[in-house]
1. At a Cα cut-off below 18 Å, give the aspartates and glutamates reachable from residue B:14, other chains included and same-chain residues fewer than 8 away excluded.
2. Provide the buried accessible surface between chains A and B in square angstrom, both chains summed, 1.4 Å probe, rounded to the nearest 100.
3. On the protein heavy atoms, probe 1.4 angstrom, tell me the percent of accessible surface of chain B carried by carbon and sulfur.
4. State which helices in chain B qualify, where a helix is a whole DSSP H run, it must extend 24 Å or more along its own axis by its Cα atoms, and its mean Kyte-Doolittle hydropathy must be at least -1.0.
5. Measure up A:48/B:554; B:530/B:614; A:79/A:170; A:79/B:362; B:252/B:614; B:252/B:610 against 21 Å on the Cα-Cα distance and list the ones that go over.
6. What does the extension gain come out to for residue B:306 and residue B:12, with contour length at 0.36 nm per residue minus their alpha carbon separation?
7. Among DSSP beta bridges whose residues both lie in the protein assembly as shown, state the antiparallel percentage, nearest 5.
8. So what is the accessible area of the protein assembly as shown per residue, in Å², with the probe set to 1.4 Å?
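The values are calculated or read from the model by the stated rules, or taken from the named source; none is laboratory data. Since we're looking at a predicted model, the values are computed, not measured. Positions of Cβ are backbone-derived with ideal geometry, glycine not excepted, and every protein chain shown enters the neighbour counts. Calculation scope for accessible area: heavy atoms of the full protein, side chains included, ligands and nucleic acids excluded. Shrake-Rupley method; radii C 1.70, N 1.55, O 1.52, S 1.80 Å.
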Amino acid sequence: MKLSLKIWRQSDTSDKGKMTDYEIDEVSEHMSFLEMLDLLNESLIQKKERVIEFDHDCREGICGQCGVMINGRAHGPLKNTTTCQLHMRSFKDGDTIYIEPFRAKAFPVLRDLKIDRSAFDTIIASGGFIGASTGQAPEANSIPISYETAEASFDAAACIGCGACVATCKNASAALFTGAKITHLALLPQGQIEASKRVLSMVSQMDAEGFGNCSDTRACEIECPQGISILSIAKMNAEYTKALIFKK
Amino acid sequence: MIDSKIPEGPLADKWNNYKAKAKLVNPANRKKLNVIVVGTGLAGASCAASLAEQGYNIQSFCFQDSARRAHSVAAQGGVNAAKNYKNDGDSTFRMFYDTIKGGDFRSREANVYRLAECSAHLIDHAVAQGVPFAREYAGYLNNRSFGGVQVSRTFYARGQTGQQLLLGAYQGLLRQVSLGKVTMHTRHEMLELVIIDGKAKGIIARNLETGALERHVADAVVLASGGYGKVYYLSTLAMGCNSSAIWRAHKKGAYMAGVSWIQFHPTSLPQHGANQSKLTLMSESLRNDGRIWVPKKAEDARNPNTIPEEERDYYLERRYPSFGNLAPRDISSRAAKERIDAGHGVGPMKNAIYLDFSDAIKAQGKNTIEAKYSNLFAMYEKITGINAYKEPMLISPAAHFTMGGLWVDYELMTSIPGLFALGEANFADHGANRLGANSLLQACVDGYFIAPYTIPNYLAGELNAPKATIDHPAFKEAEKSVRAQLDRFLNSKGTLSTDHFHKKIGRLLYEKCGLSRSKEKLEEAIEDIKALKASFEKDLLITGDDTLNSELEKAGRIADYIELAELMCYDALQREESCGAHFREEYQTPDGEAVRNDDDFCYVSAWEWKGEAKPPELHKEPLVFESVELAVRSYK
């Protein structure tokens, strides 16, 4: 199929950037969206032009590094799908596709479609862990966890940190990302002792990074490739309130 | 002379003996010692976090935008541990034996025993970190079975075990970042190793955001940079996985071992077209319930659901009745290739076989199958558009895990003092074939439980050594050579992209150094690679400049792949036997089984770089088996 592409080009963080038009032919419906961009880049190299920079690595929907706005939607039109797992069979011959980076104040554009998501790492570093040091763990079965709890914790732990929730949110809120980590750890017995310190610290770091507040529009849940539930945000809020009440 | 430094004593006591005698560093002195860790996957992140916990200063590097993206994230099926929770006869010795046998008796006994010994503790540690492993209703850990074994010793977190273990390690790492013990350098790629007075003392890294070359100095360097299966271009690895860190260390004197032992995973999605960039893996755990078959009639193009039972060839169950669909990966991959080559391949490109769940759905119900594998089925549908609950999956073997890598001794130290290699970057433990669910294990065990003893043992001797600085001429020289290579790429006036060369080298390896090899094809391949190298030097075209530029990044990796591919062919050519993932067509039984030659090849091939355009030099580390008898590996 033949497509018209309108792609965001920006040379670095300080550049203003602009949409640029490209035409591409011979796109097969079996190609992934990123393979379509590979094909475009190959043609740019042949014209001795600089390639379009985009982030990607595993191309299996699990590393979380890919992700662009496609026709205004994070990761494109399909539900629970990363950009690398979106295939061209979702488009048709003659379509025009708008491709832009995930946008948020806390996610500066590095070049073209590549963004800096290190704010997510900073949130995790502020307390998104269980303080277990190597070599001191008790026998694993001495911490029984019910099947349902382990599954619910897993549902939240499945977050891949792609940033679609932030990009799609009108407030650029990181509540779903942070809520998912809080929920994953708060449900487990191992994380209990640190729970209140964790939630207070992570929420405060999330604000410090420049993410906006959650206003419960649920856009994040709709665009999340891992189907993380907005109940994670409710859980975070509950943990936060609990922590404030019992704060000494 | 190769010294593997295997400790004295009976097999089961060796590691305890080592730990009891390993040198320690006084806690007050640890903060005076610095370690560079390249790679933030399971091996790198766990090593960096563990050493930081002890009090050393760590510089951690990864080329991704976050440590959480390392390719360990993509391992799906599980992690092995000899816990014997199922009371089905598992033990440290049994796991050791399965792994030694699975690796076709081409790994070190002492290393493999240690792997099995430390496995139980890894599960304890991961649970303590909050890894949400699968649980039974009573709250205890659940596990399942994997290829090559007859017990259930694989712990799993749905189909995302790698991701969950990595998040545990990454969170442990970031905890140390917040405590100031680890400095993270994301979007940095190591481009050279710096050696001072014969010891590894630092690296040259390129900041991938700005293009700046940086000098980083330390008292020891750890490479945990993963495997090089992406040399085949179409592989199950992430796009960025590469060999540069280990290859550049190799060119500085570190030996490379077992480089041609590349595992072809039997359950990847097949290639569907010319512009494909990678192959996606479907977890091996699917083989617990899926039955593998092809039509008995060659070129049978009927819809699989219309092919009656008696016209299907369940060739794994037929050839290997005692292991059936759970035959080890090398056996299963080769059996698939044999059927595809014989004209029984299915799918649009006739390059696939069926993995069929209809019997399992009939016997257990769709809900049970969904509970076990729903995310894998969903992924399959996203990629292929096919609902595998209704028709069999199409699968095919694909380049996957590299058993080869930097040669390391029992301490995981390479042939360069102070340079350690962990996880898939080293050659150890797996032999010529890796059993499923052992890669996450090896990476974690190396980083959490082995390196924290062996690296301090080395560092204890460095405490009073003169401190290197980045002003040393060795740093200047290393930076100069990296700069010269980057300039060469940018000034090359050719017409061909990096991907052109990557696809070429990949295709060449698939054909001549892939699932099966022969003397003739390997000799041809070495000549082809020389020609490709010459073409790369004059025909490459890199657009853009020396700032953020993914094409420039790729150029260095391709240059390394081309040289590595040549070494792979030398290694495969020299090993005149069939073992594990290495199948030499000249050495097989009449019914197509591999013929190993223990009399002449029971050793690890460790190769030394001798310079451009010179053949590498082979060093042999004999493998001595005291606790197991070398046996023909049969899964019949």
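1. Residue B:14 reaches B:3, B:109, B:117, B:409, B:411, B:429, B:446, B:626.
2. Working: alone 13050 and 23760 Å², together 30360 Å².
Heavy-atom accessible area buried at this interface is about 6400 Å².
3. Details: 10460 of 20550 Å².
Solvent-exposed carbon and sulfur of chain B make up 51 percent of the total.
4. On the way: long enough: B:109-129 (30 Å, 0.07); B:161-178 (26 Å, 0.14); B:473-491 (26 Å, -0.73); B:519-539 (30 Å, -0.95); B:550-574 (36 Å, -0.04).
Going by DSSP H runs, the hits are B:109-129, B:161-178, B:473-491, B:519-539, B:550-574.
5. Result: A:79/B:362 exceed 21 Å.
6. On the way: separation 294, 0.36 × 294 = 105.84 nm, distance 5.43 nm.
The residue B:306-residue B:12 span can extend by a further 100.4 nm.
7. Numbers: 59 of 84 bridges.
Given both bridge residues lie in the protein assembly as shown, the antiparallel proportion sits at roughly 70 percent.
8. Working: 30360 Å² over 884 residues.
With all protein chains present, the protein assembly as shown gives 34 Å² per residue.
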